[in-house]
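Chemist: One structure is given below, represented as structure tokens, and several questions about it will come after.
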Amino acid sequence: MCGIAGVISLGEVAERLVKCIHNLEYRGYDSCGVAMVNGGPQVHVRKNIGAVGEVSEKERFSTLSGHTGIAHTRWATHGAVTKENAHPHSSCGADFSITHNGIISNHERLRSRLSRDGHNFVSDTDTEVIVHLVEDYFKKTNSVEKAFVAAIRELEGTYAVAMITSHEPDRIFCVRKESPLIIGLGADANYVASDFNAFIDHTKRVVFIEDDEYAQVTHDSHSIKSISTGEPVARDVLELPWDSEMAQKGGFPHYMLKEIYEQPIVVNSALDIDEERIRDLARQTVEKTLTITGVGTTFYISQFAQYMFSLYGGATPLALSSDEFRHLAQMGKESLVLAVSQSGETYDTLTALRHAQKLGASTAAIVNVMGSSMARMVDSLILQGSGPEICVLSTKAAMSQMIILTRIALEAGVIRGVISRKVANARIKDLRVIPETIERILNEKSGFIHTIAKAQSHINHWLFLGRERYYPVARESALKMKEVSYVHAEGMPSGFLKHGTIALIDEKMNSVVFMPPKEQKELYDISMSSVEEIRARGGYILGIMLEEKGKPPAIFSDVITLPKAPAFAAPYLQMVAAQLLSYFTAVTLKRNIDRPRSLAKSVTVA
Ligand code: AGP
């Protein structure tokens, strides 16, 4: 949930370090800090509350001199947002400094013991126990490495830790367990970070540290060892396929808009994923009992997939929100759990996968980040290839997941014999129309959607309604509206409305209805009856539908008419329109679009 970075070089590292945590700000941004060794007996720490730009200027981060430094941008879990709770945290003698991401579950016990032994704690964080533990063991062993390993062995919970010390000023010590941490190998410096975005301006060469391994990184070398055995571990250096330009805004005012605009490319990449990979996973979904899991957006995408499997794949899988997975999952060797995750680091989804593995189930994942924890732990993997998604809100990655899962569902249908190869190919052909139609929506409809968003920006309550496959799209769209605009929004099946929620409909509650195309006649008619129910109660209704013969029904207050496209493409295209509605609402309300309050890109805590 926080961003960790470390830089080690023969030259000054402060400016680079600040840039690294700036690049990681989407992981957390309530406070930040930098620690540096520069030859003296103590590690110098500067930190404060606020975003990186503001704190860095106030605390003059870039004036810190040194060749070895670590830095952190925080998203509070233990302890309020205060200067004291900001990372890095220091030992009593200020000779060790640590940054941490994760949660140390036995911190209270460790804190009591260390306090009894004379350690002085200055923060409320769980992290601070780590640095005092290392200090304690260093006094006993006089070896930084031994002290680090002994301290880590005492920790329970999840962690990614980077540590520097004045006793060994030419190396960064780091370790991970269920929290991400990678090493970057540059030409004139080496790096450690929560993810590659930190150092993407400098290198694409990375080394992954696995759970229960620790690493020592110097300016020109790195070594990895097992925490339990102390044995060295050999690990390949990987070359990331992304560059810094891909991770930058490229002229757009916000990453969210840039990423919405990247969807035509992303859909094509999803359609270009090797057929054999799709077939292999589809075969597994047929041979085993399938559960699809994700959380937040990826849960709604899992629900979308549930409909696609049910409509085209010949069987209805379970779709479980990964945060509730372990309370519901009944499975064994006959089961396959397919996880969906942009980051591949989401704690809830990782926990669901671990639980499934414990029960003997096979696991698979659709993930965007190569080398992420999820990508490495599952039996079968499909990499989305959507490129870096920087905005905290998932847009393009979610679109790609919908396309990939649709392909798998269609293929499962062919394998089961419930649809012919010809039908499956025809539906894939429909999907191929999506990129150019998204282009047209972006070019031709953005202005109108912006006008609606402005006109309705005084509204504090929205309902997003859809039936069948349009229902998960409605839920996902409501989540987008909530996350980015802080406006209350609920997504639900249109048919559910009359069972209670309809009592809320008045002129202060807007509704968005995702209308199926007329050729889905029964679905169209039944969706229209929900529209009538809302209209009868005086509510504003925004219809989102494809352009079809004749004028859109006059009953709607406003209609976003999307360019003509095959009926099968409708939900994907409607989702783009809803993304733009949320985006422009947030722009009108002057929200923090790429980093909405209280949210983090990668939720790596329980
Ligand atoms: C998406 O807009 C949200 N910020 C959030 O719901 C997200 O989808 C969820 O946390 C899962 O993340 P993941 O795809 O990285 O696993």
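Chemist: From the gyration tensor of the Cα coordinates in the chain, what semi-axes in whole Å does the equivalent ellipsoid have, largest first, with each one equal to sqrt(5λ)?
Modeler: Square roots of five times the eigenvalues give 46, 26, 21 Å.
Chemist: Which aspartates and glutamates does Lys498 reach when only Cα atoms under 13 Å apart count, and residues fewer than 8 places away in its own chain are ignored?
Modeler: Glu532, Glu533
Chemist: While we're here: How compact is the stretch 239-376 by the rule of thumb for globular proteins, expressed as Cα Rg over 2.2 N^0.38 Å?
Modeler: 1.13
Chemist: Gap in Å between the Cα centre of the stretch 52-104 and the Cα centre of the stretch 237-303?
Modeler: Result: 33 Å between the Cα centres.
Chemist: I want the antiparallel fraction of DSSP beta bridges within the chain, as a percent rounded to 5.
Modeler: 60
Chemist: Looking at Leu318, Thr291, Ser420, which one has the Cα that reaches farthest to the positive end of the dipole of the stretch 248-432 (charges on Cβ: Lys, Arg +1; Asp, Glu -1)?
Modeler: Ser420
Chemist: Relative to 2.2 N^0.38 Å, what does the C-alpha radius of gyration of the stretch 349-495 come to as a ratio? Two decimals please.
Modeler: Normalised Rg, Cα atoms only: 1.26.
Chemist: Further question on the same structure: If I fit a long axis through the Cα atoms of helix 446-455 and take the longest principal axis of the Cα atoms of the chain, what angle between them do I get, 0 to 90°, rounded to 10?
Modeler: 90
Chemist: 7 Å from Cα along Cα→Cβ at both Asp212 and Thr501: what's the point-to-point distance in nm?
Modeler: It is 4.5 nm.
Chemist: Let me ask you something else. Can you tell me which of 440-448, 204-212 comes out highest on packing, and rank the rest after it, using the mean Cβ neighbours within 10 Å?
Modeler: The most tightly packed comes first, giving 204-212, 440-448.
Chemist: Something else about it: So how tilted is helix 275-287 from the main axis of the chain? Cα-based, degrees 0 to 90, rounded to 10.
Modeler: Relative to the chain, helix 275-287 is tipped by roughly 80 degrees.
Chemist: Could you check the simple spin-label distance between Asn460 and Glu324, using points 7 Å along Cα→Cβ, in nm with one decimal?
Modeler: 2.8
Chemist: What is the extension gain from Arg376 to His78, computed as 0.36 nm multiplied by their sequence separation minus the C-alpha to C-alpha distance, in nm to one decimal?
Modeler: 104.4 nm
Chemist: Between Arg279 and Val237, what FRET efficiency comes out of the Förster formula 1/(1 + (r/R0)^6) with R0 = 35 Å and r the beta carbon distance, rounded to 0.05?
Modeler: Plugging the Cβ-Cβ distance into 1/(1 + (r/R0)^6) gives 0.65.
Chemist: FRET efficiency for Ser529 and His488, Cβ-Cβ distance as r, R0 = 22 Å, nearest 0.05?
Modeler: Calculated value: 0.30.
Chemist: Along each of its three principal axes, how wide is the spread of alpha-carbon positions in the stretch 3-245, in whole angstrom units, largest first?
Modeler: Projected onto its principal axes, the Cα set of the stretch 3-245 covers 51, 43, 32 Å.
Chemist: Taking 0.36 nm per residue of separation and subtracting the Cα-Cα distance, what length does fully extending Thr141 through Asn106 add?
Modeler: Extending this stretch completely gives an extra 10.3 nm.
Chemist: If you roll a 1.4 angstrom probe over the protein chains with everything in place, what fraction of the accessible area of the stretch 17-105 belongs to carbon and sulfur, to the nearest %?
Modeler: 51
Chemist: Can you give me the Rg/Rh ratio for the stretch 195-312, using Cα atoms for both radii and the Kirkwood formula for Rh?
Modeler: Taking Rg over the Kirkwood Rh, I get 1.07.
Chemist: Measuring with a 1.4 Å probe in the full set of protein chains, what accessible area per residue, in whole Å², belongs to the chain?
Modeler: Computed with neighbouring chains in place, this is 37 Å² per residue.
Chemist: Along the positive direction of the dipole of the stretch 198-264 (beta-carbon charges: Lys, Arg +1; Asp, Glu -1; about the Cα centre), which of Ile224, His254, Ala198 reaches farthest?
Modeler: His254
Chemist: Something else: Which percent of the accessible area of the stretch 248-432 is formed by carbon and sulfur heavy atoms (probe 1.4 angstrom)?
Modeler: Exposed carbon and sulfur together represent 50 percent of the surface.
Chemist: Something else: Per 0.36 nm of contour for each residue apart, how much would the distance between Ser226 and Glu519 grow if the chain were fully extended, relative to their Cα-Cα spacing?
Modeler: That pair, Ser226 and Glu519, stretches by 99.5 nm at full extension.
Chemist: Taking Cα pairs under 8 Å and at least six residues apart, what relative contact order does the chain come out at, in percent?
Modeler: RCO, the chain: 11 percent.
Chemist: Give, as a single signed number, the net charge of other residues whose beta carbon lies under 9 Å from the beta carbon of Phe252, with Lys and Arg counted +1 and Asp and Glu -1.
Modeler: +1
Chemist: Once you put a point 7 Å from the Cα of Glu156 and another 7 Å from the Cα of Thr63, both along the Cβ direction, what distance in nm separates them?
Modeler: According to this spin-label approximation, the distance is 4.6 nm.
Chemist: Could you sort out which of Lys249/Lys508; Lys204/Lys288; Lys58/Lys204; Lys258/Lys454; Lys454/Lys551; Lys396/Lys564 sit more than 29 Å apart by Cα distance in this structure?
Modeler: Lys249/Lys508; Lys204/Lys288; Lys58/Lys204, as the Cα separations exceed 29 Å there.
Chemist: Let me ask you something else. Return the tail of the calculated pair distribution for the stretch 76-201, meaning the percent of Cα-Cα pairs more than 25 Å apart.
Modeler: 21
Chemist: Report the one residue of Val134, Gly11, Ala339 whose Cα lies farthest in the direction of the positive end of the charge dipole of the chain (charges on C-beta: Lys and Arg +1, Asp and Glu -1; origin at the Cα centre).
Modeler: So the residue we want is Ala339.
Chemist: Below 8 Å between Cα atoms, with a sequence gap of 6+, how large is the relative contact order for the stretch 3-245 in percent?
Modeler: Relative contact order for the stretch 3-245 comes out at 20 percent.
Chemist: Now for a separate question. So what is the relative contact order of the stretch 248-432, in percent, for Cα pairs below 8 Å that sit 6 or more residues apart?
Modeler: Dividing the mean separation by the residue count of the stretch 248-432 yields 29 percent.
Chemist: Could you sort the peptides 121-130, 264-273 by per-residue average Cβ neighbour count (10 Å cutoff), highest mean leading?
Modeler: 121-130, 264-273
The values are calculated or read from the model by the stated rules, or taken from the named source; none is laboratory data. Fair warning: this is a prediction, and the values are worked out from it, not measured in the lab. No Cβ is skipped: glycine too gets one built from the backbone with ideal geometry, and neighbour counts run over all protein chains shown. Note: accessible area is taken over every heavy atom of the protein model, side chains too, but ligands, DNA and RNA are not part of it. Shrake-Rupley method; radii C 1.70, N 1.55, O 1.52, S 1.80 Å.
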